[in-house]
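Trainee: The structure that follows is given in the form of structure tokens.
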Amino acid sequence: MKRFSELGIETYRLNTDRFSDQLSFDYSISNTAATVTITDGDRTITLGEVTGVWHRKSWSIAVPEDLDDNFKSIYLQEYGTMRAIFMEALKQVPWFNRLSADIRIGNNKWEQLAAAVQQGIEIPRSLFTNDEEKVKTFFYQECDKQMIAKLHGSLAKSMSGATGFFPTTLIGESNLDGLGGLVYCPMIFQELIPKAYELRIIYIDGIFFTGKINAGTSQRGKTDWRIATDVALGWEAYTLPDAICTALTKMMQQLELFFGAIDMIRHTDGRYVFLEVNPQGEWGMLQRDLNYPIGETIAEQITAAVAVQHTALMND
């Protein structure tokens, strides 16, 4: 928010879980006019005041602890609808990211992998399934007995290995007989990529900030650096090859994302392998440890997008 202030931009932070009885709103529409207003404490925001949106994260709406259980479902339904109406009413201004794209891509790793392939970026051989027999065939015929498993979504929006986090997990032959529960929880299976190191890449509308981390010395972190608690790990600044930046930019444009946290692996043979992009991914550790101006760049790019739209409207 500091950089926005330096740029002369007034901001208001709306915590999406508080779009509930914790604030008030009124939407009015007639044959001649429409108004959208929300009031949060002593701050009132009208639709016309909003020139741009930085969509950082969406959280579930908070339910009052004293609300009768019989009313919780309708409470969430109606407040969820009212929140969606408010967000949709802002569709004419620049977003980082556009809400529809953020949700669509964040919930669809298949589309992410497909877009990467279409832009010439290498991916792991992957299988999305609830069929244990297909997994066994994939394990032997496609992965040469070197395979990992992961959930499509996350159990927690956190970069730490705290409770609720399901890490990328190595699957061995001894695990194949325990896949009966797969029918109740479909998963993603991928070939295990021999890695020299891992990369967290922050993409901001064509600008890249990349951190390198090597968890190879960690027994726990060999498949997922986020659970490498047995050794001390540190981020290193990293510069991506121009060809990779170009391909990733085209991929992100295809996915209609202005921002994303991209995870890649550097294969031991030198190849770059794409894993996924999180439209709401974490970047604070890179700004903190590597002094990358990520937050500042986001503010500058949003401000620039707002200025471009304002100029276009003035010229119409």
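Read-outs throughout are calculated quantities, based only on the coordinates presented, and are distinct from any laboratory measurement. Small disclaimer: the values here were computed from a predicted structure and weren't measured. Glycine gets a Cβ as well: all are built from the backbone with ideal geometry, and neighbour counts include every protein chain shown.
Trainee: Among the helices of the chain (complete DSSP H runs), which have Cα atoms covering no less than 24 Å along the helix axis and a Kyte-Doolittle mean of at least 0.5?
Mentor: Membrane-span-like by this criterion, though nothing is claimed about a membrane: 294-315.
Trainee: Can you tell me which of P94, P293, P279 moves the most in a GNM of the chain? Springs connect C-alpha atoms under 10 Å apart.
Mentor: P293
Trainee: Rounded to the nearest 5, what % of the DSSP beta bridges within the chain are antiparallel ones?
Mentor: That works out to approximately 95 percent antiparallel.
Trainee: Related question: Give the aspartates and glutamates reachable from K212 as a straight Cα distance under 13 Å; neighbours fewer than 8 places away on the same chain don't count.
Mentor: E198, E236, D263, D289
Trainee: Comparing E276, E65, E132, which has the greatest mean-square fluctuation in the GNM of the chain with Cα pairs linked when under 10 Å apart?
Mentor: E65
Trainee: Under a plain spin-label model, where a point goes 7 Å from the Cα along Cα-to-Cβ, how far apart in nm are I29 and T239?
Mentor: 5.3
Trainee: Taking square-rooted eigenvalues a ≥ b ≥ c of the alpha carbon gyration tensor, is region 2-93 rounded, prolate or oblate, where a/c under 1.5 means rounded and, failing that, a/b exceeding b/c means prolate?
Mentor: In terms of gyration-tensor shape, oblate.
Trainee: What FRET efficiency comes out for T81 versus E6 if R0 is 35 angstrom and r is the Cβ-Cβ distance? Round to the nearest 0.05.
Mentor: So the FRET efficiency works out to roughly 0.40.
Trainee: Ok, one more. Mean-square fluctuation check for the chain, GNM, Cα pairs under 10 Å: which of C185, C245, C143 is largest?
Mentor: Answer for the Gaussian network model of the chain: C185.
Trainee: Fewest to most neighbouring Cβ within 10 Å: what's the order for S5, S174?
Mentor: S174, S5
Trainee: Something else: Please list, or write none, the lysines whose alpha carbon is within less than 16 Å of the alpha carbon of K136, excluding same-chain residues fewer than 8 places away.
Mentor: Here the lysines satisfying the reach criterion relative to K136 are K145, K150.
Trainee: Quick one, which of (1) 66, 52, 37; (2) 57, 49, 33; (3) 64, 44, 34 is the actual Cα extents along the principal axes in Å calculated for this model?
Mentor: From the options (1) 66, 52, 37; (2) 57, 49, 33; (3) 64, 44, 34, the structure gives (1).
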